[in-house]
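S.K.: What follows is a structure written as structure tokens; I'll ask about it next.
The values are calculated or read from the model by the stated rules, or taken from the named source; none is laboratory data. Note that the coordinates shown come from a computational prediction; the quantities given were computed from them, not determined experimentally. Please note that ligands, DNA and RNA were not included when accessible areas were found on the heavy atoms of the full protein model with its side chains. Shrake-Rupley method; radii C 1.70, N 1.55, O 1.52, S 1.80 Å.
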Amino acid sequence: MPQVTWSEFGNWLVGTPLAIIVTILLAFVARWALLRVITRVVSTATSRHEARLAEQPKARHAVAVGVANERHVQRTRTLGALLRSTVTLTVFGVAALTILSILEIPLAPLLTSAGVGGIAIAFGAQSLVKDFISGIFMIIEDQYGVGDVIDTGEAIGTVEDISLRITQLRDGNGVTWYVRNGEILRVGNRSQGWSTAMVDIAIAWDEDVERARGIIRDVVAEMAEAPPWDDKLIEAPEVVGVESMTGGAITIRVVAKTVVQENAPVQREIRERVKIAFDREGVRSPAAFGSLPPGGEGRV
């Protein structure tokens, strides 16, 4: 059995273990520096976006601007988390290979086995890879975020959670859906940007259309200036005119651009206010026109 002298042991101790320790320290330093750069880039991107939004007018679309800013912050932080995980895996992977090389462990058989195993895993996990790639592009392109109401084809609901593999939705019946990102071929986002409130108001055939339009126009103009609707309406509602004339009824359409997901409350409020105004002004509904005797008074 060969004898190891203290001098040889000292040389080995100064060489191999010290090289391993230095490699590990360099890996941690490199990871810390890269994560710091990523954090700074994410923070800079978020602050610049907030500054651009702050320069825009804060009138009717103030709420929409807040929603857009929240979405941008969420997407930027998600991308930052993804980059941090990638950096950590890469740095420590390179450090591990370097340590194996210092220990004079042959890397060629190991890398060959890893390559063959990677090919086998790739063939067996094609759907998983597809889900991850789709999830990455979904986040980068900001197709939707948590809180958005989306239509994935398989399910329609509110996004409750997003990962690189699945998207979790809750539909109107309270059912939770887990949809794989790779299976989403198209997405309809009902919460991005702004929504449209569309209201059709029917009046009796023999009513004065111009008079009814004037009443509706006054109602929606007043509503556009009254809180809290002034924050929910991006633009004042527009009375676009007569939409149809059928069955003894004339239908007048009102269209309004609203903050995302506020179109339904705006539609209900417009109907209620127009109903009260028609009652006050004596504008009759189609049912009243067809069912009451001459001289009778109907209401919308």
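S.K.: Given a 1.4 Å probe and the protein chains all in place, what does the accessible area of ARG165 round to, in Å² to the nearest 10?
M.R.: The value for ARG165 is about 100 Å².
S.K.: Still on this structure: Using the Cα gyration tensor of the stretch 146-300, with a ≥ b ≥ c the square roots of its eigenvalues, what is the shape: rounded (a/c below 1.5), prolate (a/b larger than b/c) or oblate (neither)? Show your work: numbers first, answer last.
M.R.: Working: a/c = 3.25, a/b = 2.27, b/c = 1.43.
Since a/c reaches 1.5 and a/b is larger than b/c, the shape of the stretch 146-300 is classed as prolate.
S.K.: Need one value: the accessible area of TRP205 in square angstrom, 1.4 angstrom probe, rounded to the nearest 10.
M.R.: 120 Å²
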